[in-house]
1. Quickly rank 282-290, 241-249, 377-385 as a protection proxy: mean count of other C-beta atoms within 10 Å, highest first.
2. Do the sum for the chain: with -39,500 (n - 2.57) for every DSSP H run of n ≥ 4, divided by all residues, what is the mean residue ellipticity at 222 nm, to the nearest 500 deg cm²/dmol?
3. For the stretch 321-334, what does the Karplus curve 6.51 cos²θ - 1.76 cosθ + 1.60, with θ = phi - 60°, yield as ³J(HN,Hα) per residue in whole Hz, taken in order and with x for Gly and Pro?
4. For the chain, compute Rg over Rh where Rg is the Cα radius of gyration and Rh is the Kirkwood radius from the inverse mean 1/r over Cα pairs.
5. Cysteines of the chain lacking any other cysteine beta carbon under 4.7 Å?
6. Pop out the carbon and sulfur fraction of the accessible area of the stretch 294-360 as a percent, whole number, probe 1.4 Å.
7. Quick one: if the Förster radius is 35 Å, what FRET efficiency do ILE245 and GLN271 give, using the C-beta to C-beta distance and rounding to 0.05?
8. Cα-based Rg (one decimal) and Dmax (whole number) for the stretch 318-382, in Å?
Amino acid sequence: PEKLGRGSAIPRDVTAWEARGEVYLGLTRFAALNVQRQEAGLESLANPRNATAGTLKTIDSNEVARRGLSVFLYQLFPLDADDQPGDDVFSDHRGELAALAELGLPVNPFLEVADSADGIIRHLEKLQQLRDGLDYQIDGAVIKVDSRRGQQALASTAKAPRWGLAFKYAAEEAETCLREITLQVGRTGVITPVAELDPVLLAGSTVSRATLHNWEEMERKDIRRGDRVVVVKGGDIIPKVLRVITAARTGDETRIPRPRQCPVCHERTSQQEGEVAVRCVNPLCPAVLSGRLRLFASRDACDIDGLGGRSIDMFVAEELVAGPADLFRLPRATLAALPGWGEKSADRLLAGLARVPDRPWEARIFALGIPQVGVNTARTLATHHASVASMVATTAEDLADLPDIGPVVGAAIEAFFASDGGQHLVAQLSKVGFFQEREEQPPPPAREGEGWFAGRTFVLTGTLEGMTRSDAKRAIEKRGGKVSGSVSRRTHVVVAGARAGGKLDKARKLGLEIADEEAFAARLAEEG
Ligand SMILES: [Zn+2]
């Protein structure tokens, strides 16, 4: 701070800051990544937004660095001696942004301060013209009140501050002809209808395919082969068919019925009651098998070196594998004799497979391909279930007690481990040593009948409005709990006050129980 000159936007008495903003993946970087992925035989990333979210969840920090994310920062908090966000030091938002820029941090260059509604509208129009030339996608702009006093007067709702407003540009539309409807089979067996379109320019790129989601949606919109349709692109890269121009119909258009047979393996399809999805339920369907193996080998799952999408398709086509466990049984000689392989490739894959049991437990849970279980839910399961036996024995009811797992996901997990397919997968993978016990055990559960505090470890973070931190600590200890300074797997509960930061994020990552001030106060009163 002593180096700051006169007129600096940065207050002199602050030594540590926390900056917040929005992470994104530039379009140039996104395109380059997809070229690399195609060369490696991996599936393309669908759009920059999902790729960014996925990257931030990636366990491997080297991979996160390789992806080349960017950020625009727009919030700056001074930190107190405890590394907690302290009092606001800026009298307006522009001062906050100027301080960020002066610290050398990236701030969006298209910020403008307007003194009237007309000024705001003019700037929104200007941004709309710039929009297609940017290296990132925008679907609108945020309009904020500049003065802190004005912000405080407007206050916040439970969800968001009232002093900021997201303005969205209208989604772009285009009209074209729907030539054909093709069927795609995903790794869960869901068959998705896809519209093959006459190529049309939409929001700066040429579009020739659009998802039709499912038959219910297709029937609701009465979409037929040969229709003139309006396609639209929202925030995502994948466009969709918005509506049919029925006035343009000639009578030659044809409806595409729900498929009775899988387009890939030709087995009978099935549709569960209450579900919109039509599925291929053949576990050996090449499309399903290939999709499951791709997930199993993927970076967030087993991260198997030497096993790309093209190799997987070949293994499936050659009927070398009928499930993930079979990968571990592939003879070296068979691999080496495959077209384009040889001993080097075979050894690389075998070495990659040998490392799989050392993958983080959460990554191996994700690799199972349990319906509804993404990277985050896998992490929650890993924190609360140290072994596969514990997961198999769990019920939807028990699962509903875990953070971020609702009744639908809980039921899907229970159904998976109860299903023939799930049990077969677990049994086969057990035989090849896939489930080794974790070294680190989760904390022992609280003793029954002794209340919420007794024998449990608490971490306090953020600012509590109703009491000081030392009062909160004393109150916990009086009721038999312990207070610790840092969040780990051994923590039972994180009490998060206003403006909680890194510790709360970590607690979420570990799937720990989190109590806000209201819940904490209620527990204190209960056991007062
Ligand atoms: Zn099939």
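The values are calculated or read from the model by the stated rules, or taken from the named source; none is laboratory data. Computed from a prediction, not measured in an experiment: that's the story for all the values here. Neighbour counts are summed over all protein chains in view; Cβ atoms, including those assigned to glycine, are modelled from backbone coordinates with ideal geometry. Just the protein is used for accessible areas: all its heavy atoms, side chains included, with ligands, DNA and RNA removed. Shrake-Rupley method; radii C 1.70, N 1.55, O 1.52, S 1.80 Å.
1. Listed from highest to lowest mean packing, they are 377-385, 282-290, 241-249.
2. -10000 deg cm²/dmol
3. With coefficients 6.51, -1.76 and 1.60, one gets 9, 10, x, x, 4, 5, 4, 6, 10, 5, x, 4, 5, 4 Hz.
4. Answer for the chain: 1.00.
5. Those would be CYS177, CYS302, since no other cysteine Cβ in the chain comes under 4.7 Å of theirs.
6. Carbon and sulfur: 49 percent of the exposed surface of the stretch 294-360.
7. Computed FRET efficiency for ILE245 and GLN271: 0.75.
8. 14.6, 42
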